[in-house]
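Asks: Here it is: the structure, laid out below.
The values are calculated or read from the model by the stated rules, or taken from the named source; none is laboratory data. It should be emphasised that the depicted structure is a prediction, and the values quoted were computed from it without experimental measurement. A quick note on method: Cβ atoms are made from the backbone with ideal geometry, for glycine too, and the neighbour counts reach across all protein chains shown.
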Ligand SMILES: [Zn+2]
Ligand SMILES: [Zn+2]
């Protein structure tokens, strides 16, 4: 980031100030003075969820990453409620997001690099004319062929006004609570929806663990997932951006993944891309090895520990090589593997065995790292290991 700050974007600065004052001062004041109708609460929740999901499921996982495909009705809904979320058009958003992935953490290229500070990554990047925020449409040529994306891009500002002002106003008139509807389903919904998605750029690059890769600042944190419609498993996402899941385990809180699954069961979504389990285990182990090797190098470690580590690493490499062989066999046999039941089962069980090997190796490494850490913390030199 250059030292002299670029000029302020006054339209954005004034708008963010007004919407946050309305949401966090006017909304509680009006609530204490007049109260809100049940319908105002209902549409507040409904639009809040739809706005959040349109950004995470639509803008992010569908359009920016093509991690699944969606039928026309779903694409229209996501484009419409995405415009309501007021985060620019799909084309703009995806162009910047792809730059974020490509140049993550680089303060001179990443539009919202966390290295420029929490505030910059959360909102500051939109408040000044930073050169890094210029959208490069050459990165979204694929999306320029999508009629829904281009329609939303052409009519973006009309859609923003209709969805943010027209719809709450019409609902307010219909249910007899105009101010309540404008404040709850309009202002509070928009401000909360903004911060819930802005946390992905700020908190999800700051506060958490990095199990899949330590090459960038993206972190995994279930608490952040609660605040970001499941996008808090951001370390996983930066490691495997083509995966439609961010919370990869079934129990991890990722409502965007569940929403895509529900759409798939209804026939509205298809071709959901999943990273092979082996690659996920491999990434975790590689990170674990890097950490434990770093720890072993920075402390005086007994020769037998080094030997144990080297043996584990050798086994890891052998398993990876074996997996590559099975993968090559799968490609070679191609269609035959799909029609021959025995061949198909052989390949599947080989993959499962290799995944299991990595899983067990991770357990061993965890024990090794735990003991090493404990010794280092207590100032003792690690004991020799047997075998
Ligand atoms: Zn990120
Ligand atoms: Zn992404």
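Asks: With the condition kept exactly as written, say whether any residue in region 261-268 is in contact with a helix residue (DSSP H, G or I) (Cβ under 6 Å, 6 or more places away or on another chain) and either part of a loop (DSSP other than H, G, I, E, B) or farther than 18 Å from residue 77 by Cβ (or both).
Replies: Yes, because at least one residue in region 261-268 is in contact with a helix residue (DSSP H, G or I) (Cβ under 6 Å, 6 or more places away or on another chain) and either part of a loop (DSSP other than H, G, I, E, B) or farther than 18 Å from residue 77 by Cβ (or both).
Asks: Now for a different question. Can you tell me which residue in region 312-345 is nearest to the chain's Cα centre (by Cα), limited to those that are surrounded by 15 or more Cβ atoms within 10 Å (Cβ to Cβ) and without any contact (Cβ under 8 Å) to a residue 24 or more places away in the chain?
Replies: Among residues in region 312-345 that are surrounded by 15 or more Cβ atoms within 10 Å (Cβ to Cβ) and without any contact (Cβ under 8 Å) to a residue 24 or more places away in the chain, the one nearest to the chain's Cα centre (by Cα) is 327.
Asks: Oh, and also: Could you look through region 88-108, keep only residues that are part of a loop (DSSP other than H, G, I, E, B) and in contact with a helix residue (DSSP H, G or I) (Cβ under 6 Å, 6 or more places away or on another chain), and pick out the one that is surrounded by the most Cβ atoms within 10 Å (Cβ to Cβ)?
Replies: 89
Asks: Quick check: is even one residue across region 200-221 under 30 Å from residue 36 (Cα atoms) and either part of a loop (DSSP other than H, G, I, E, B) or modelled with pLDDT of 95 or more (or both)?
Replies: no
Asks: Go through region 26-35 and give me each residue that's within 34 Å of the chain's Cα centre (by Cα) and in contact (Cβ under 8 Å) with a residue 60 or more places away in the chain.
Replies: Once the filter is applied, which keeps residues that are within 34 Å of the chain's Cα centre (by Cα) and in contact (Cβ under 8 Å) with a residue 60 or more places away in the chain, region 26-35 yields 26, 27.
Asks: Could I ask something else about it? So if I check each of 250, 229, 258, which one is assigned to a loop (DSSP other than H, G, I, E, B) and more than 16 Å from ligand 1 (Cβ to nearest atom)?
Replies: 250
Asks: Looking at the structure I just gave you, is residue 212 within 16 Å of ligand 1 (Cβ to nearest atom) and either in contact (Cβ under 8 Å) with a residue 24 or more places away in the chain or not assigned by TED's automatic domain parsing to the domain that holds residue 195 (or both)?
Replies: Judged against the criteria, residue 212 is a match.
Asks: Would you check if residue 153 is away from ligand 2 (no atom under 16 Å from the Cβ), assigned by TED's automatic domain parsing to the domain that holds residue 219, touching a residue at least 60 places away in the same chain (Cβ under 8 Å) and touching a helix residue (DSSP H, G or I) at 6+ places or on another chain (Cβ under 7 Å)?
Replies: yes
Asks: Moving on to the next point. So, in region 232-241, of the ones that are assigned to a helix (DSSP H, G or I) and more than 9 Å from ligand 1 (Cβ to nearest atom), which residue ends up surrounded by the most Cβ atoms within 10 Å (Cβ to Cβ)?
Replies: Residue satisfying both the conditions and the ranking: 236.
Here is a yes/no grid of residues against (1) assigned to a helix (DSSP H, G or I); (2) crowded, with 22+ Cβ neighbours inside 10 Å; (3) away from ligand 2 (no atom under 16 Å from the Cβ):
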| residue | (1), (2), (3) |
| --- | --- |
| 6 | no, no, yes |
| 26 | yes, no, yes |
| 31 | yes, no, yes |
| 47 | yes, yes, yes |
| 56 | yes, yes, no |
| 61 | yes, yes, no |
| 77 | yes, no, yes |
| 80 | yes, no, yes |
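Asks: Then there's this: Just to be sure before I move on: is residue 89 away from ligand 1 (no atom under 16 Å from the Cβ) and either in contact (Cβ under 8 Å) with a residue 12 or more places away in the chain or touching a strand residue (DSSP E or B) at 6+ places or on another chain (Cβ under 8 Å) (or both) in the structure I sent?
Replies: Considered against the rule, which asks whether it is away from ligand 1 (no atom under 16 Å from the Cβ) and either in contact (Cβ under 8 Å) with a residue 12 or more places away in the chain or touching a strand residue (DSSP E or B) at 6+ places or on another chain (Cβ under 8 Å) (or both), residue 89 comes out as yes.
Asks: Restricting attention to region 242-269, and to residues there that are farther than 19 Å from residue 54 by Cβ and touching a residue at least 60 places away in the same chain (Cβ under 8 Å), which single residue is surrounded by the most Cβ atoms within 10 Å (Cβ to Cβ)?
Replies: 243
Asks: When residue 117 is evaluated against the numbered criteria (1) within 20 Å of the chain's Cα centre (by Cα); (2) buried (at least 21 other Cβ atoms within 10 Å of the Cβ), which criterion, by number, is the only one it fails?
Replies: Unmet for residue 117, out of (1) within 20 Å of the chain's Cα centre (by Cα); (2) buried (at least 21 other Cβ atoms within 10 Å of the Cβ): (2).
Asks: Among the residues of region 217-244, how many are out of contact with any helix residue (DSSP H, G or I) (no Cβ under 9 Å at 6 or more places or on another chain) and away from ligand 2 (no atom under 11 Å from the Cβ)?
Replies: Within region 217-244, residues that are out of contact with any helix residue (DSSP H, G or I) (no Cβ under 9 Å at 6 or more places or on another chain) and away from ligand 2 (no atom under 11 Å from the Cβ) number 2.
Asks: Something else now. Check whether at least one residue in region 270-278 is within 15 Å of ligand 2 (Cβ to nearest atom), closer than 24 Å to residue 205 by Cα and in contact with a helix residue (DSSP H, G or I) (Cβ under 6 Å, 6 or more places away or on another chain), and report yes or no.
Replies: No: zero hits.
Asks: Okay, next question. What is the one condition in (1) over 22 Å from residue 373 (Cα atoms); (2) more than 16 Å from ligand 1 (Cβ to nearest atom); (3) loosely packed, with under 14 Cβ neighbours inside 10 Å that residue 290 does not satisfy?
Replies: Looking at each condition in turn, residue 290 falls short on (1).
Asks: Going through region 240-253 one residue at a time, which ones are within 10 Å of the chain's Cα centre (by Cα) and farther than 22 Å from residue 215 by Cβ?
Replies: Result: 244, single match.
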